[in-house]
Structures are given as C-alpha cells and as structure tokens.
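Before any comments, here is the structure.
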Amino acid sequence: MLGTVLLLLALAKPACPSPASVASRRAEALKKLLEVFGMEDPPAPPAHFKQPPQYMVDLFNTVANADGVTKNPDILEGNTVRSFLDKTHSEEMRFLFVLSSVAKNEKILTAELHLFRLWSRITEGPKRHHFCQVSVYQVLEKDKPDSPGGKKLVAARLVSLQTSGWEVFAITPAVREWTEDESSNQGLLVTVQGPEGSLLDPPPLQFASGRGHHESKKPMLILFTDDGRRGASLPVTGFPDLKPHVPDLPAEMPVPKLARSRSTRSLDRLQPCQRHPLSVDFEEIGWSGWIISPRGYNAFHCKGSCPFPLGENMRPTNHATVQSIINALKLSEGVSSPCCVPDKLYSINLLYFDDDENVVLKQYDDMVAGSCGCH
C-alpha cells in the first residue's frame, strides 16, 4: 500500500524539464518570435565589422526614438527601407545593385540612387561652367550601353558645381522592372554634360565610386517598400514622445517569503488594470550580431483586475461595461469579468543587416502596449 502511495506521489509530482526539452522550447519560442518579425531564420551577422550607411542611421533616428518606438506613423513611406551598395567597384560611372533580398510580395513605392558629389574641377576662363546636366540611364545591353537602344534615360537634372554632397535621383520605374525580371538588371550608367548638352571631357563633376573613396561616400540604392503586413485595428493616435511614459506603480507590499507566489497572484487580482514594464533584450535573445538598433525595447504588458463598477480610469468599452454588470449581477452563467488588455498599441522599428549584409529599416505594428483598459 505504501509503495502504491509513493508511486502515485511520484507520478503526480511534476518532473523537472530536461536540458533538451528546455533547449527545444527556447528554439520554438525564438522561431515564433522570428515569425513576428517576418523572418524564417535570423540573418547571419556580418563576417567583419561593418559600419551601416549614415543615411540609414539618420533615417532610423528620425523615424524612431532610442527604444525603436515610432515617433510618428506618417514619417515613413511604406514599412520597409532597404539600402544596397554598388557591386561594380568601378571608377567609371557604372553602377550595379543586386536586389535578390527583396521579397516577391514587397511593393516598390520609391527607388532612389544616392551619389556623393565630389568637389568639382572647375576650370578658369570663358568656358567655365557653374552647372552641368547629370543623366542617369538604365542599361539595357550590358556590353553596349552606348549603342542605339543600349540604354534608357530614367532621370536627369542640372547640378551645381559650387558645392559637394549627396545627390538623389528617383529611378523607380527601372527598379520595378528589375524586381519583376531579375535578368533585366544590367545596372545604371551616369553621364555628365554641359548646360548646352555637350559631353564634357574631362567632366568637371565627379561622384564618389566604390573604389578609392570612404565607405560613407559609396554609391547607394535606397528602396522604400511595403510588404503588406498590417497590425490590429486599435487606436494609433497620440504616439509617444522620445520615451514612452511608464505609469507610477504602487509600492510593493511586503509578502511573507514562503507564501510569496500565492500572495503575489492575489495582489495582481486586487490591483486595478494598469501597464507594467516588459523588457525585450535582443542581446539576451542572441540577436545582437545582426540588429544594429535598438539593442532592445520595452514592450510593456497589461495586468490587474477589472472590478465592478468599471471607472473611466479603466478605459472600458461599452461592451466591457455591460459584461461587468452581467457578471456582477450573475444574470447569466459562464460570463467572466472583463480582461485587462492593451487598448493602444505602438509600432517599433528595427535597423539590421540582412543575409546579404545590406542594411534594412523595418517597421512592425502593434509591438508596444501604449495603454491598458478593461475590454
């Protein structure tokens, strides 16, 4: 009999999870988290230290605060910005950008060619130029771009020779063709002409190339795209300032050590519905090798009771108010009290390296609980 009791107790006692099951559960959880971020596998970290383009860093800081939370939902066009560096590494003004990392479901909204304009070689005399025309051509025939039908004009404008800095050319139609038919991507050709249209030799204006110039000045293609992902239809007004406000939490009541677990659960039920911190640390998860910014963020979570009667401070919906009344008066069986859930959600932004070591800025909806209410 004693042996039977001991056996039943042994069977009833929860077994400690094995290291293998813990590792399996962690892998499953991280896979689910990757799905939230729209990925099947985490990108491989760059083989060597790589500085992200300053344009992408500045864009991230414009769109998001230090925690990655979106400052304003209308700043970014689409929900993804991709940067590509020139692959030709040529001193000629021929550029090639490999777009294999662009997903088939991504809609190309805007494509921009970013070229860094060097200080010009302005000559003295009556033929001195102050402006020149820069033309960007889509190469149609790789080996004969200057032949009839070998190239197609996609952008052109006058550029001043008095300064240096970045010049941006919109080339959306060409990039849309490349993403529809990858084999059509034969690159770009840039020419410099005088104001009257004549080719200048040597050209007074030069752009930084992939060779012989600092990494920060390399030619770059920027794509603004939308992958069609959209979050829940909760209110998105009132985006946070530079730091999300953390509501004052009531001081923790002393709880006897032995009874802490049960007492803590009781206190959670007694405390009103409110927002609590929930830290997501990318380094702890093992993603710090490919995520540039942020290093982590505060997702927040909602916890607490929704007791009858529901006050305005609990931000109840009309449905929650009715449910609370039905529950309190026991007018119907099986009706629980309303739940404490997020009623405002904010998006966050990730700046990261993809598998091809291109830098991507992506915005993810409904990642931060902005406030909590009884629903």
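The values are calculated or read from the model by the stated rules, or taken from the named source; none is laboratory data. Treat the numbers as computed from the prediction; the structure is a model and nothing was measured. Here the Cβ positions follow ideal geometry from the backbone for every residue, glycine too, while neighbour counts run over all protein chains shown. Each accessible area value is taken on the protein alone, full model and side chains, heavy atoms only, with ligands, DNA and RNA left out. Shrake-Rupley method; radii C 1.70, N 1.55, O 1.52, S 1.80 Å.
Before moving on, here are some points about what is shown:
- Among the listed pairs LYS107/LYS344; LYS104/LYS362; LYS87/LYS142, those beyond 21 Å (Cα-Cα): LYS107/LYS344
- Annotation for the stretch 340-375 versus the stretch 59-78: alpha-carbon center distance of 11 Å.
- Each of LEU153 and HIS319 was given a label point 7 Å from its Cα along the Cα-to-Cβ line. The distance between the two points is 5.8 nm.
- Rounded if a/c under 1.5, otherwise prolate or oblate - the stretch 58-190, Cα gyration tensor axes: oblate
- For the stretch 48-117: accessible area per residue (Å², 1.4 Å): 47 Å²
- PHE49, PHE84, ranked by accessible area, largest first (probe 1.4 Å): PHE49, PHE84
- Partner aspartates and glutamates whose Cα lies under 15 Å from the Cα of LYS152, excluding those fewer than 8 positions away in the same chain, are identified as GLU141, ASP143, GLU177.
- Accessible surface area normalised per residue over the stretch 274-375 is 45 Å², counting heavy atoms of protein chains with a 1.4 Å rolling probe.
- Gain on full stretching of the segment that runs from LYS32 to ARG229 - 0.36 nm per residue minus C-alpha separation: 69.3 nm
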